[in-house]
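What follows is calculated from the coordinates using simple rules that are stated; it is not laboratory data. Note that the structure is a prediction, hence the values are computed from the model and not measured. Glycine gets a Cβ as well: all are built from the backbone with ideal geometry, and neighbour counts include every protein chain shown.
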Amino acid sequence: METFTSRQRVKAAMNLQHPDRVPLMCQFSIGSMMTQLKPNPVEFWYDKNTFADGLISLCKTFRFDGILVSLHGHSDKWKKDLLKYECVDEGNFKLTYPDRTEVHSWTDLPLVAYSQPKTIPAIEDIDIEKDIPSAISYIPVSQNLYFDLDKASLFDIFDILYAKVGDTVSIHGEITSPFDYFLDLVGYENGLIALIMEPEKCKLIIEKFADGILDLAAQMCEKPIDAIKVSSPFAGMGFISSEQYSEFVLPYEAKIISAIRAKGVHVYIHTCGSINDRLELMRESNTSGLECLDPVPVGNVDLEDAFDRIGNDLFIKGNIDSVNSLLYADDSKAEADVKKIIETGKNRGKGFILSTACSIAPMVTKERLLMLSQLIDKYGQY
């Protein structure tokens with residue numbers, strides 16, 4: 001069999017074809033990036049060139065076949081209102097602003113504390129036209145943590161990466177589900193209650209966010225990328241029922257996904273935790289593939305069963321348990337777990353990309369990550 005480039009390998013899998021070997025492409029958490037690179041964490045978070053160089057270094061070190069760009073729209077505007085920048089101790093930096101403090105470290109995402117708590121609007125008080133922006137200007141990374149998008153440099157990161165790696169590896173972008181923006185706006189508890197008490201108002205809010213995300217994704221498709229990941233972590237069984245998924249998530253993600261695929265770019269949905277009851281529903285979104293498929297105990301998906309149910313139509317990217325197989329397991333269990341996943345994906349799936357189910361846990365060692373490519377070499381040849 002001919003030898004594929006990394007990019008060709010990932011594209012073949014996403015096209016439901018077998019390349020020369022199983023592709024390898026895990027998603028790094030910010031904490032895992034910090035653990036491996038030990039960069040200046042402020043520069044890594046805010047500077048597009050530092051971030052791009054870090055992504056490339058990680059890809060090369062661990063012989064991954066693709067790069068996921070989880071942050072885009074970097075800007076120097078973070079310096080504008082900065083009152084104080086101090087090194088607290090080695091690897092930890094504190095930024096003080098008029099309204100908040102940020103602590104950037106080598107261990108995880110930045111920690112943000114606001115001087116005034118965030119105002120959460122009541123669902124009935126939200127004016128759709130006035131309160132929901134037409135253009136998406138931020139990424140809701142986690143509670144209290146936002147990554148502002150600079151329109152002037154919205155997708156510069158992709159050009160920087162492509163200029164350095166060209167066609168050698170597969171570059172993927174990322175957008176966030178409109179359901180996430182909805183929950184971030186109204187609060188998680190209030191949002192879940194509102195799905196029951198004010199379903200039609202919820203749909204109007206989610207639809208407005210979906211329109212803005214669709215526009216953002218359409219622009220991203222013009223960049224040198226092979227796929228876009230839809231980050232949808234709150235759409236699993238731990239948060240909403242399959243009926244609520246069909247009502248409040250599926251139609252809006254499907255609208256975005258269909259627009260992306262119409263531009264010739266692949267899409268895959270990333271939903272954490274338990275999704276065994278909605279694999280076929282997720283397929284209805286017109287997605288190219290699914291990511292995570294967390295196994296027990298983190299989730300409830302059996303990989304062989306997933307391939308039997310959706311493997312003829314979707315590629316699967318997963319499903320190594322980053323905590324119980326990579327972080328805490330001894331060497332023999334870690335190797336056995338990964339070997340089984342490689343062989344299952346290779347033998348049962350039309351399209352398979354070996355990956356951690358969710359992000360690489362921050363404290364997973366370099367040796368454990370190097371093990372993945374070593375096991376691919378040993379067991380992943382088609």
Check your understanding: Counting Lys +1, Arg +1, Asp -1, Glu -1, what net charge surrounds LEU216 among other residues with beta carbon under 11 Å of its beta carbon?
Key -> -2
Review point. Distance from the Cα centre of the stretch 181-243 to that of the stretch 115-131, in angstrom?
Key: 17
Exercise for review: Please compute the net charge surrounding TYR245, taking Lys and Arg as +1 and Asp and Glu as -1 over other residues with Cβ under 14 Å from its Cβ.
Suggested key: -4
Check your understanding: Looking at the chain, do any whole DSSP H helices span at least 15 angstrom along their long axis by alpha carbon and average -1.0 or above on Kyte-Doolittle, and which?
Key -> 48-61, 199-220, 250-262, 366-379
Review point. What is the Cα convex hull volume of the stretch 59-142 when expressed per residue in Å³?
Key: 177
Check your understanding: So which of LYS223/LYS263; LYS38/LYS317; LYS203/LYS255; LYS229/LYS333 end up more than 18 Å apart by C-alpha?
Key -> LYS38/LYS317; LYS229/LYS333
Exercise for review: Report the local net charge at ILE139: Lys and Arg +1, Asp and Glu -1, summed over other residues whose C-beta lies under 9 Å from its C-beta.
Suggested key: -2
Study note, to complete from the structure: Of all DSSP beta bridges with both partners in the chain, the antiparallel percent, nearest 5, is 40
Practice item. Send over the per residue convex hull volume for the chain, Cα only, as a whole number of Å³. Key: 131
Review point. Can you give the Rg and Dmax of the stretch 278-382 based on its C-alpha atoms, in angstrom?
Key: 13.4, 39
